[in-house]
Amino acid sequence: PNLITLGAICSGLTAIRLAWESRFELAIIAIVFAAILDALDGRVARILKSSSSFGEQMDSLADFVNFGVAPAMVMYLWILKDMRTLGWVVALVFAICGCLRLARFNVMLEDPDKPEWSVDFFTGVPSPAGALLALLPLYLGHLGLERSIGVAIFSGFYLLFVGFLMVSSLPTWSGKRAGRRISRRLVVPLMLGLLIAVVLLFSYPWAVLSVVCIAYLATIPFSVRDQARR
């Protein structure tokens with residue numbers, strides 16, 4: 001598991017280098033790959049029964065690099081630098097929001113009084129999702145959105161908005177218990193749907209990522225209502 005975490009850190013740092021070289025498509029892929037590895041390391045640790053405090057701390061540091069610093073740097077090098085110092089301030093604020101979100105998450109893990117259903121929710125948008133959301137203007141840029149000072153200003157406000165979602169107290173669905181029990185009659189349709197999703201992602205990556213980001217943002221009001229109901 002720790003090797004997977006180290007691989008995720010390497011992927012996040014490589015995304016910064018690729019953005020510095022103006023290879024933004026590969027930078028996005030590197031961050032997405034880091035998010036996949038982040039989803040794997042904890043599960044592998046539980047399967048192998050090798051969870052440790054060392055691994056947890058390293059995972060938090062990896063998340064800050066991969067989902068706080070890397071997306072902020074990628075967005076700065078793509079468009080925010082057009083706003084000069086103000087663009088850098090926006091990138092700093094987003095990275096700091098990622099740091100604060102992770103610190104709060106680590107503290108909340110120690111709360112013994114959480115109700116059982118709370119495992120179904122995150123407090124605020126989780127860091128990997130926040131990183132992928134932050135890159136939405138870049139996805140749209142690959143779909144034909146022209147770079148301009150107006151787009152830079154929009155991207156700056158949008159990045160601040162995503163940073164706010166990360167440190168907010170809004171509940172968002174975690175999906176931790178999704179898929180633990182699947183009816184046999186649903187297995188084939190789910191496998192077919194997953195296959196179609198993967199094919200679409202490889203065929204139309206920027207359109208699919210854009211739709212996924214917009215759809216995720218649209219689910220937040222429903223997760224807020226679900227938590228209030230419980």
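The values are calculated or read from the model by the stated rules, or taken from the named source; none is laboratory data. Owing to the predicted nature of the structure, the values given are computational and were not obtained by experimental measurement. Methodologically, a virtual Cβ is constructed for each residue, glycine included, from the backbone with ideal geometry; neighbour enumeration extends over all protein chains shown. These accessible areas exclude ligands, DNA and RNA; they are computed on the full protein's heavy atoms, side chains included. Shrake-Rupley method; radii C 1.70, N 1.55, O 1.52, S 1.80 Å.
All of (1) touching a strand residue (DSSP E or B) at 6+ places or on another chain (Cβ under 7 Å); (2) open to solvent by 50 Å² or more (accessible area, probe 1.4 Å); (3) at pLDDT 90 or above hold for SER223 with one exception: (2). Tell me yes or no: at least one residue of the range 163-175 is surrounded by 12 or more Cβ atoms within 10 Å (Cβ to Cβ), under 30 Å from TRP78 (Cα atoms) and free of Cβ contacts under 8 Å to residues at least 24 places away in the same chain. No, every residue in the range 163-175 fails to be surrounded by 12 or more Cβ atoms within 10 Å (Cβ to Cβ), under 30 Å from TRP78 (Cα atoms) and free of Cβ contacts under 8 Å to residues at least 24 places away in the same chain.
Considering the range 1-54, the residues that are part of a helix (DSSP H, G or I) and of a type in the set (S, T, N, Q) include one that is farthest from GLY130 (Cα to Cα), namely SER53.
Look at (1) open to solvent by 50 Å² or more (accessible area, probe 1.4 Å); (2) modelled with pLDDT under 90 and you find that SER118 fails only one, number (1). Being farther than 20 Å from LEU100 by Cα and open to solvent by less than 70 Å² (accessible area, probe 1.4 Å) is the filter here, so list the residues in the range 43-73 that pass it. The answer is VAL44, ALA45, SER50, SER52. Touching a Cys at 6+ places or on another chain (Cβ under 6 Å) and assigned to a helix (DSSP H, G or I): is that true of PHE64 in this structure? Yes, satisfied.
Name the single residue, out of those in the range 15-42 being acidic (Asp, Glu) and under 18 Å from the mean Cα position of the chain (by Cα), that is least open to solvent (accessible area, probe 1.4 Å). So the residue we want is ASP41. Applying the set (1) touching a residue at least 40 places away in the same chain (Cβ under 8 Å); (2) open to solvent by less than 70 Å² (accessible area, probe 1.4 Å) to TYR76 leaves exactly one unmet item: (1). Taking the conditions (1) part of a helix (DSSP H, G or I); (2) buried (at least 16 other Cβ atoms within 10 Å of the Cβ) in turn, VAL107 satisfies each one other than (2). Just one of the numbered conditions (1) in contact with a Pro (Cβ under 7 Å, 6 or more places away or on another chain); (2) modelled with pLDDT of 90 or more is not true of ALA45: (2). Taking the criterion of being among the hydroxyl-bearing types (Ser, Thr, Tyr), without any contact (Cβ under 8 Å) to a residue 24 or more places away in the chain and open to solvent by less than 100 Å² (accessible area, probe 1.4 Å), the residues of the range 177-220 that qualify are SER183, SER203.
Within the range 67-92, being closer than 18 Å to GLY150 by Cβ and part of a helix (DSSP H, G or I) holds for MET75, TYR76, TRP78, LEU80, LYS81, ASP82, MET83, LEU86, GLY87, VAL90.
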